1. How far apart, in nm, are the 7 Å Cα→Cβ label points at residue 67 and residue 144?
2. Rounded to two decimals, what ratio of Rg to Rh does the range 256-400 give with C-alpha atoms and a Kirkwood Rh?
3. Take each of the peptides 291-297, 95-101, average the number of other beta-carbon atoms within 10 Å over its residues, and list them starting from the highest.
4. Calculate, in nm to one decimal, what residue 386 and residue 30 gain on full extension: separation in residues at 0.36 nm each, minus their alpha carbon distance.
5. How big is the convex hull of the Cα atoms of the range 287-365, per residue, in Å³?
6. Given a cut-off of 15 Å, what percent of all Cα-Cα pairs of the range 149-225 lie beyond it?
7. What is the order of 167, 90, fewest Cβ neighbours within 10 Å to most?
8. Would you kindly compute the Cα radius of gyration of the chain and its largest Cα-Cα separation (Dmax), both in Å?
């Protein structure tokens, strides 16, 4: 966990007090209080100075950032120590020799392999932080350095050699990056709350909110947020500022038109999927300290826990929630099956209705967006893990969709049976899926199944995007 903040005046004759940057940065203290640092470019000069904050590990090494220091560019970074980079989290983020300065939030999971590659090319490292790793990689490959990263990130990198600011968000948007351009001042950070004090006319983006409610998902759409004027970098997108001009560019995207053209046997696809799953768990866990896993009994968390336990000699600490007053939400049956099979060390929590409501309120503040009811269960699990000194939880998203685990996606599974010439399987699945449902729902599922049989996956994807993520 980590966080970044920044302000930048397009016009070099303008400046802002450092107090503004410090207030932005303090508002995300929950993202990491183990260390913090600031990079300041005073309005009176072009040389960067490094400053400590109240959460810095070694405040005596660098002076505290004065409130009244006038800045053209100021950037802040804070860290929560979770891996072997430890105390180097906010160090080595500035290189006067290279003319490069960075604030970084996230993780580079292939740090070991990438560091070895850069060292073989003559690179020398002062510490072990991911921020320094990205800085060194940029010095060699410039913007193409992203091709070498396996991880999640949101960072801003100032290149003093040509006076440019390079910002990037990871391929799938795991780390958030929000920004605001107000009267020639560029503000950025990991959370919307950092930017709201500087938004002159605070108006809600009503079309965006209507879209959220229509698809029942509180997600940003393209570069929009619920606030007019505040934007977000999209997954797999970069932002560049040079000569007072801002532009964005995608460097990565999925290609749904290829979904139906990949030729794999079921066995090959299963093998490749397992290899990718195991590798992703391995590189996330090898350098991480105080690591556990969330366990709901669903497909994604079960797959992760089972694979993770096979990699470890000691029982994996797992954390689960259930609602004792609502048997339909009690998944302990499935949790117990996984726990007994793997031999993991499971911990349970059952939040009350009052706790669930408070977690929903708190979660909305931390997330800057309204959250679904599942937030209560997830929040309870995270608090339980923290009480056992576990800082990082492995968790899964997407496996239930991929494997057809959700009932609303099973018509695709049934369509596969028809396409494969297995009508008996289709009728058995359809009868089971339709049991107890109203006639209209049965007809709807039949129509979706037949449509899925006739259209390739890429066309279905485009139809869903058009119908659900509608333009206002």
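1. It is 4.9 nm.
2. Taking Rg over the Kirkwood Rh, I get 1.02.
3. On the way: 291-297: 24.3, 95-101: 15.3.
Ranking the peptides 291-297, 95-101 by packing returns 291-297, 95-101.
4. Details: separation 356, 0.36 × 356 = 128.16 nm, distance 1.34 nm.
Length difference between fully extended and current span is 126.8 nm.
5. Hull volume normalised by residue count: 117 Å³.
6. Beyond 15 Å sits 67 percent of the P(r) for the range 149-225.
7. Values: 167 24, 90 28.
Arranged by neighbour count, lowest to highest, 167, 90 become 167, 90.
8. Rg and Dmax of the chain, Cα atoms, are 24.4, 78 Å.
Readers should treat all values here as calculations from the given coordinates under stated rules, not as data from a laboratory. Treat the numbers as computed from the prediction; the structure is a model and nothing was measured. Cβ sites come from the backbone with ideal geometry, for glycine too, and all protein chains shown count toward neighbours.
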